[in-house]
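Encoded as structure tokens, the structure appears first; notes follow it.
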Amino acid sequence: MTFARIAGIGSYLPGDPVSNQDLIARGVDTDNDWIISRTGIKTRHLAAPGVNSSDLGVEASRRALEMAGIEASELDLIIVATSTPDMFFPSTATILQAKLGNVGAAAFDLQAVCAGFVYALSVAEKFIKSGSHKKVLVVGAEVFSRLLDWKDRNTCVLFGDGAGAVVLEAAEFPGILGTAIHADGSKNAILNVPGQVSGGNITGEAFVRMDGQAVFKFAVSVLPSVAKQTCDTAGVSMDEINWLIPHQANVRIIEFVGKKLGMRPEQVVVTVGEHGNTSAASIPLAMDAAVRDGRIQHGQKVILVGVGGGFTWGAALLRF
Ligand code: ACO
């Protein structure tokens, strides 16, 4: 039987950190204490004009490939989870493929907003398990700042730009122990970007719109349950989990989910303070930090949980 294992991981944040004070200096009507107490966010990174998701994704991918000891030419599948693609088409995955210098791998984008990375991992695992693909690059890359209305303080302070990537390889023993993904389209109105393109123009509003309290309630209900579902299906008890890596949207959601799952605070990886909510990039950004600083060790079990617009949610249980 063939399984998927994580062979390498990398991440990338563009430019210098932009603090809450910097946002105030740029004219956002907010205050540092409000943002920190409600969200835990201290800084975010904003891509310069002309820098796109594929540019951030390619940097993260190079780092993941280097850790895996794999050349880009060896990849046979590239999946990019993004809600901020470079263009309507072609896919950001094919643009990133060209920048990496790979020819011939299958490449496509996957759109599940902030749950995009766990969705993409789940899909990639199935390609590997089927035996059809052996070396897969999974990327979460976003320039969410392009969707922000800087006059809407309810949303603009929450998000940032960044990318994370993992290289998955076929293996004899499982590195991905289980995944679960779900959606409930009836909740699409509580978080969306209601813009459309027609006749070369954008109609409607191409800005993030959110009912923050509804999002909060939904996230704290589905994230613990999908983590438990994934562990139960894999036959792994929560006591065996070494690390929880939740979607990095908001420190209060993260703390709530950690407590509900019985994790100690020091077992929960939290990086949202440094980069804000980077949507599909947030989980690999946090995981890369915890791998590279030595917290996550070989043989340990890690549960990833993500939730995003749609609503979409999911989990992946990994053994490093
Ligand atoms: N700075 C200062 N004050 C603000 C700001 C801001 N940036 N934003 C809102 N306020 C004010 C409001 O105007 C309001 O003032 P008022 O009482 O005078 O009218 C007050 O703060 C309270 O506003 P609420 O919206 O009730 O604030 P709440 O306590 O619900 O916190 C928040 C808002 C942080 C968005 C919260 O609802 C939350 O954490 N929601 C989760 C949403 C989230 O994390 N989304 C991320 C994207 S979704 C995802 O990734 C899945």
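Derivation of every value follows stated rules applied to the coordinates shown; laboratory data play no part. Bear in mind the structure is a predicted one, so any value in this text is a computation, not a measurement. FYI the Cβ positions are ideal-geometry reconstructions off the backbone, even for glycines, and counts take in every protein chain you see.
Summary table below
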read-out: Kirkwood Rh, angstrom, the chain [1 / mean 1/r, Cα pairs]; value: 19.3
read-out: Proximal charge balance of Phe320 [Cβ under 11 Å; K/R count +1, D/E count -1]; value: +4
read-out: Peptide ranges 268-279, 223-234, 25-36 listed from the most packed, as the mean C-beta count within 10 angstrom indicates; value: 268-279, 223-234, 25-36
read-out: For region 135-288, convex hull volume per residue from C-alpha positions, Å³; value: 145
read-out: Radius of gyration, Dmax [region 26-101; alpha carbons; angstrom]; value: 16.9, 49
read-out: Kyte-Doolittle mean at least -1.0, axial Cα span of 30 Å or more - DSSP H helices of the chain; value: 212-234
read-out: Net charge over other residues, Cβ less than 9 angstrom from the Cβ of Val136 (K, R count +1; D, E count -1); value: -1
read-out: Of Leu23, Leu46, Leu96, the one that fluctuates the most in a GNM where the chain has Cα springs shorter than 10 Å; value: Leu23
read-out: Count of lysine pairs in the chain with Cα separation under 20 Å (8 or more residues apart, or interchain); value: 15
read-out: For region 3-173, diffusion coefficient by Stokes-Einstein and Kirkwood Rh (Cα), 37 °C, 0.692 mPa s, µm²/s; value: 196
read-out: Peptide ranges 132-142, 72-82 listed from the most packed, as the mean C-beta count within 10 angstrom indicates; value: 132-142, 72-82
read-out: Net length gained if the chain between Lys151 and Gln213 were fully extended (0.36 nm per residue, minus Cα distance); value: 20.4 nm
read-out: Value at 222 nm in deg cm²/dmol, rounded to 500, when DSSP H runs of n ≥ 4 in the chain each add -39,500 (n - 2.57); value: -10000 deg cm²/dmol
read-out: Region 252-320: radius of gyration over Cα atoms, expressed as a fraction of 2.2 N^0.38 Å; value: 1.10
read-out: Distance between modelled label sites at Asp22 and Ala189, nm, 7 Å Cα→Cβ extension; value: 3.7
read-out: Length gained when the stretch Trp34-Asn201 is fully extended (0.36 nm per residue, less Cα-Cα span); value: 56.5 nm
read-out: Surrounding net charge for Gly258, when Lys and Arg each add one and Asp and Glu each subtract one, Cβ distance under 12 Å; value: +2
